[in-house]
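Written below as structure tokens is the structure these notes are about.
The values are calculated or read from the model by the stated rules, or taken from the named source; none is laboratory data. Remember, it's a predicted structure, so these values are computed and weren't measured experimentally. Virtual Cβ from ideal backbone geometry, glycine too; neighbours counted across all protein chains shown.
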Amino acid sequence: MNIGAKVTSAAVILQSVMKSFGTGALAVDNIGLTIAPGELVTLLGPSGCGKTTTLRMIAGLEDPTSGAIVIGDEDVTHLPAEKRDVTMVFQSYALFPHMNVFSNVAYGLRVARRPRVEIADRVAEALSLVGLGDYAERAVDALSGGQQQRVALARALVMKPRVILFDEPLSNLDAKLRHHVRAEIRALQQRLGLTAVYVTHDQEEALAISDRVVVMNSGRIEQIGTPRELYRQPATRFVADFIGSANIVSGEWDGTDVILDGAKFPHSQDIAPGPVSVVLRPESLRPAKKGLAATVTAVSFLGATTEVEFDTVIGAVTALLPDQDVAGLCPGQNVSLGIIEGGLHLLRPDTVTGSSVEPRLRA
């Protein structure tokens, strides 16, 4: 089977997985998750939320305290890492500095005692896939950070894994290069049909490359959804605040309108009437003839948009405005703020955490 052809990828299933390191606190707390074959799922959250520990348990580098891990049709919970047919791309690249590019990529195949001709063919194909076909004889320490990351990716691909894991793979690259390499990783994953589990704390990175995102907090899953679902329909305050920028203010919901300081905004959402927390994305706010009474407190030009901060009776809010909506705005000015259609989302005020078990598992 050619590496460049669609692979036979495998599902990954975590069943009530828990991990404790003996300190009494759970690093991973009762996680349930199904990743479909060929899907790229990102584990996203702040440092210490359990995302890397979860990835390492899938890889076989950590043993779960309880629960089960299934890859394909095989329970791998107690299998060593080398028996799982899974490869990992590390944050540090983990390349051997004394070996050239070819030898780094060939290392796993040589350990597996594959024939020399097969090794040469597979390494050449893997390097071609990542755009380094002419770099086989280069010393790895002579490569740029982006090129070293491609070598690490080729080393993972050359093993033809059922699942490929990424542990903060772009964190050592500058911002412009991160954008470029993440696009390459996503395009290659889709082209090959790889099942991929990706860990990052960078929300923009997660939204850009993922089929679904698993938002984690304190060892638990807050929400699982597509990037658009998480951004537009966060299930908890944590998700609303962690995914993108959000103004979260208190309001009333009467079943038809959201009421903010007496101003009414039509809305449709399946939530019981009463006090609510209102999630307002900065790009959803606009100056309007009528709406929420506000006073401009600061104006900051950001290039494509302008950030405008407002003071209101229900709290400070921030808007990102296009040029045509900024003209004349200055600190101290009183305005009314409208909300674009679909620009708000309601949470119950007591919605703090979500469930750590996926509500619906995908085959």
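I'd like to know if the stretch 75-84 contains one or more residues that are small (Gly, Ala, Ser) and either buried (at least 21 other Cβ atoms within 10 Å of the Cβ) or part of a strand (DSSP E or B) (or both). For the stretch 75-84, residues small (Gly, Ala, Ser) and either buried (at least 21 other Cβ atoms within 10 Å of the Cβ) or part of a strand (DSSP E or B) (or both): absent. Of all residues in the stretch 272-301, those satisfying the criterion of being among the hydrophobic types (A, V, I, L, M, F, W, C) and either closer than 25 Å to LEU230 by Cα or not assigned by TED's automatic domain parsing to the domain that holds THR256 (or both) are ALA272, VAL276, VAL278, VAL279, LEU280, LEU285.
Contact annotation: residue pairs with Cβ atoms under 6 Å, 6 or more positions apart or on different chains, pairing a residue in the stretch 97-119 that is closer than 14 Å to ALA152 by Cα with a partner that is part of a loop (DSSP other than H, G, I, E, B) and basic (Lys, Arg), are VAL101/ARG138. Residues that are out of contact with any helix residue (DSSP H, G or I) (no Cβ under 7 Å at 6 or more places or on another chain) and of a type in the set (A, V, I, L, M, F, W, C) were ranked within the stretch 100-129; the one that is surrounded by the fewest Cβ atoms within 10 Å (Cβ to Cβ) is VAL117. Taking the criterion of being touching a helix residue (DSSP H, G or I) at 6+ places or on another chain (Cβ under 9 Å) and hydroxyl-bearing (Ser, Thr, Tyr), the residues of the stretch 259-314 that qualify are SER277, THR305, THR306. Applying the criterion of being among the hydrophobic types (A, V, I, L, M, F, W, C) and part of a loop (DSSP other than H, G, I, E, B) to the residues of the stretch 232-283, the residue that is surrounded by the most Cβ atoms within 10 Å (Cβ to Cβ) is ILE243.
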